[in-house]
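Asker: Submitted below is the structure of interest, expressed as structure tokens.
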Amino acid sequence: KLEGGLWLGTAQGAGTTPGPQCDLQGLWRNELGSNMTLSALDAAGTFSGSYHTAVAATNKQILVSPLQGAQQHPSTKGQPTFGFTVQWQFADSTTAFVGQCFVDRRGKETLETMWLLREEVPSRRDAWKATR
């Protein structure tokens, strides 16, 4: 089970564009110690990266897992919304995250996210317990 939805980073430079700007690229860490690294956005606003969770409901070894995502309106600046999925390498499950990046007056970036995890189950009859 993945926990946490507050990610902290540092804004990249002040620039000359007025108002706060958020850059998803880089290393992010949440309050539970999970780490996420995101690549630069391409022209379409898509990105990739890796996720290393510090919290999981498994006895298996936790492995770094790949992620794929997209940012809304990549050509505009500000505090964008985004989403990404993580394909867990140590469990039969996938997690989808959605969120928004905020930048405070001091340039501190924060990602506020919500997530939904789906585990593989043997039949449709068990589907009710597969989503958290």
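The values are calculated or read from the model by the stated rules, or taken from the named source; none is laboratory data. Fair warning: this is a prediction, and the values are worked out from it, not measured in the lab. Because the Cβ atoms are built from the backbone with ideal geometry, glycine has one as well, and the counts that use them run over all protein chains shown.
Asker: Please determine, by comparing only the residues of the range 70-81 that are in a loop (DSSP other than H, G, I, E, B) and at negative phi, which one is surrounded by the most Cβ atoms within 10 Å (Cβ to Cβ).
Answerer: We begin by selecting, within the range 70-81, every residue in a loop (DSSP other than H, G, I, E, B); these are 72-80.
Now drop any that are not at negative phi, which leaves 72, 74-77, 79-80.
Details: Gln72: 11, Pro74: 16, Ser75: 7, Thr76: 9, Lys77: 15, Gln79: 15, Pro80: 20.
This residue is Pro80.
Asker: So, in the range 51-62, exactly how many residues are surrounded by 16 or more Cβ atoms within 10 Å (Cβ to Cβ) and assigned to a strand (DSSP E or B)?
Answerer: So the count comes out to 1.
Asker: Look through Val86, Val64, Val98, Val55 and report the one residue that is touching a His at 6+ places or on another chain (Cβ under 7 Å) and closer than 22 Å to Thr131 by Cα.
Answerer: Going through Val86, Val64, Val98, Val55 in turn, just one is touching a His at 6+ places or on another chain (Cβ under 7 Å) and closer than 22 Å to Thr131 by Cα: Val64.
Asker: Which residue out of Leu67, Leu24, Leu41 is surrounded by 15 or more Cβ atoms within 10 Å (Cβ to Cβ), among the hydrophobic types (A, V, I, L, M, F, W, C) and not in a loop (DSSP other than H, G, I, E, B)?
Answerer: Leu67 is the lone residue from the list that is surrounded by 15 or more Cβ atoms within 10 Å (Cβ to Cβ), among the hydrophobic types (A, V, I, L, M, F, W, C) and not in a loop (DSSP other than H, G, I, E, B).
Asker: In addition: Give the residues of the range 106-132 that are closer than 20 Å to Gln25 by Cα, among the basic types (Lys, Arg) and in contact (Cβ under 8 Å) with a residue 40 or more places away in the chain, sorted by residue number.
Answerer: Step one: list which residues in the range 106-132 are closer than 20 Å to Gln25 by Cα, which gives 106-115.
Restricting the remaining residues to those that are among the basic types (Lys, Arg) gives 106, 108.
Correct list: Lys108 only.
Asker: Residue by residue through the range 64-95, note down the ones that are aliphatic (A, V, I, L, M) and over 20 Å from Thr110 (Cα atoms).
Answerer: The answer is Val64, Ala91.
Asker: Looking at Thr95, is it in contact with a Phe, Trp or Tyr (Cβ under 7 Å, 6 or more places away or on another chain), in contact (Cβ under 8 Å) with a residue 12 or more places away in the chain, surrounded by 19 or more Cβ atoms within 10 Å (Cβ to Cβ) and among the hydroxyl-bearing types (Ser, Thr, Tyr)?
Answerer: It is true that Thr95 is in contact with a Phe, Trp or Tyr (Cβ under 7 Å, 6 or more places away or on another chain), in contact (Cβ under 8 Å) with a residue 12 or more places away in the chain, surrounded by 19 or more Cβ atoms within 10 Å (Cβ to Cβ) and among the hydroxyl-bearing types (Ser, Thr, Tyr).
Asker: Which condition breaks for Gly9 when tested against (1) surrounded by 15 or more Cβ atoms within 10 Å (Cβ to Cβ); (2) modelled with pLDDT of 85 or more; (3) part of a strand (DSSP E or B)?
Answerer: For Gly9, the exception is condition (2).
Asker: Filter the range 27-38 for residues that are at positive phi and surrounded by 13 or more Cβ atoms within 10 Å (Cβ to Cβ) and give the result.
Answerer: none
Asker: Just to be sure before I move on: is Leu116 within 27 Å of Asp23 (Cβ to Cβ) and surrounded by 14 or more Cβ atoms within 10 Å (Cβ to Cβ) in the structure I sent? Explain how you work it out, then say what you get.
Answerer: Numbers: within 27 Å of Asp23 (Cβ to Cβ): yes; surrounded by 14 or more Cβ atoms within 10 Å (Cβ to Cβ): no.
Answer is no for this residue.
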